[in-house]
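The values are calculated or read from the model by the stated rules, or taken from the named source; none is laboratory data. Just so you know, these numbers come straight off a predicted model, no measurement behind them. In this analysis, Cβ positions are derived from the backbone assuming ideal geometry, glycine residues included, and neighbour counts consider all displayed protein chains. Protein only, heavy atoms only, side chains kept; ligands, DNA and RNA dropped before computing areas. Shrake-Rupley method; radii C 1.70, N 1.55, O 1.52, S 1.80 Å.
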Amino acid sequence: MIKNILVVDDSQVDRSRLERLLSSVGYQVAAADNGQAALDAVKKSKPDLILMDVNMPVMDGFAATRALRGDAATKDIPVVMVTAKDQKADKAWGQMLGAKGYVTKPFTDEDVLSVVRSL
């Protein structure tokens, strides 16, 4: 059961919107502003789900997802990509890296909640 969600996005606006949305329906939410910060946050408190942007400084979402999948301690945490990258190749790459879902920006609240609830 998903209770704790890590939101990873370099956009303060998108990060805050996701935090407010998820908190309003009862999830505990933590946030990180790039892929490296996400890896550090996951080590401190293992979330039940990660919502991961792709285009971020320091480490992008694809690289962070690959790192999570390559670590025995984090390989089973589901990752959902939440990104403006909406090309078929991007979605396919996300799936190859093990993403459990893919939400494209701009998104509606229901886009996000339906993916989260499906996991």
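Within the range 1-21, being within 17 Å of Ser118 (Cβ to Cβ), of a type outside the set (D, E, K, R) and open to solvent by 70 Å² or more (accessible area, probe 1.4 Å) holds for one residue alone: Met1. Where in the range 22-119 are there strands (runs of 3 or more DSSP E), lying fully within it, with 2 or more residues that are over 13 Å from Val7 (Cα atoms) and open to solvent by 40 Å² or more (accessible area, probe 1.4 Å)? Of the strands (runs of 3 or more DSSP E) lying wholly inside the range 22-119, those with at least 2 residues that are over 13 Å from Val7 (Cα atoms) and open to solvent by 40 Å² or more (accessible area, probe 1.4 Å) span 101-104.
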